[in-house]
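What follows is a short report on a single structure.
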Amino acid sequence: MTTSASATETFTTSISTISTQSGSLGGLLVQLELNSSRIASGAAVGISVSDYNPSPMVLNISKGASWAVNGLATGGCPSLYYPFGIAIFQGRYTSANVSQAVPLEIFPLVACPMLVLYITGYLFQPMSDNATVLPGTEEAPMSTGISVSGTYNMTASQLNKSTLFTPGTYTVVAGDEWGNLVFAYFTVVAAPS
């Protein structure tokens, strides 16, 4: 079955929580929340992301490989056991042009555990983000929160040293391995002197 990525875009200029969610490819919703649409340089933006089963039925879904954007991660390893990831881009991007952008390095480099290779799918509970990563037996939330205040330098001489976000507009993209994408935006302003 071939599906195309769907996207929902939200932009808010007030200082408040931004919540948005994507369409339901594969039966799941990607939910993305930012703690603020505006931060001072040096401050962190809080990002929460989850895959949610909106159905009243258990959803048994095979591991996907339909990532709509390259570079989505939840840590230094592309996705650990989460079926979703995020990326931050400097500038304002939409589903029409994000594939041409280069994501910022927001996580330090870390090796992926071998167990990621053995994941065959996910068993999502009804109306929940709780799922069992198959072939496992333990249920866990398919959600995570991340606090980001800048990027990591990946040059050999400065490996994993961070640099603060510079003033400007940033795009946060969350997506899952079944092609769902969701966008949110925040602005970094110069810290008062």
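Results, tabulated for the structure shown:
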| quantity | calculated |
| --- | --- |
| Filtered residue count, the stretch 104-138, keeping only those that are in contact with a Ser or Thr (Cβ under 6 Å, 6 or more places away or on another chain), closer than 18 Å to W67 by Cβ and in a strand (DSSP E or B) | 1 |
| Checklist (1) modelled with pLDDT under 90; (2) over 17 Å from F186 (Cβ atoms); (3) buried (at least 17 other Cβ atoms within 10 Å of the Cβ) applied to I18, failing item | (2) |
| Subset of the stretch 125-155 (residues that are surrounded by 13 or more Cβ atoms within 10 Å (Cβ to Cβ), within 27 Å of T171 (Cα to Cα) and of a type in the set (S, T, Y)) | S128, S143, T144, S149, T151, Y152 |
| Given (1) at pLDDT 95 or above; (2) under 20 Å from the mean Cα position of the chain (by Cα), index of the condition P126 fails | (2) |
| Residue check for V188: under 17 Å from A73 (Cβ atoms), at pLDDT 90 or above and surrounded by 14 or more Cβ atoms within 10 Å (Cβ to Cβ) | no |
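The values are calculated or read from the model by the stated rules, or taken from the named source; none is laboratory data. Note that the coordinates shown come from a computational prediction; the quantities given were computed from them, not determined experimentally. Here Cβ is always computed from backbone atoms with ideal geometry, including for glycine, and neighbour counts include all displayed protein chains.
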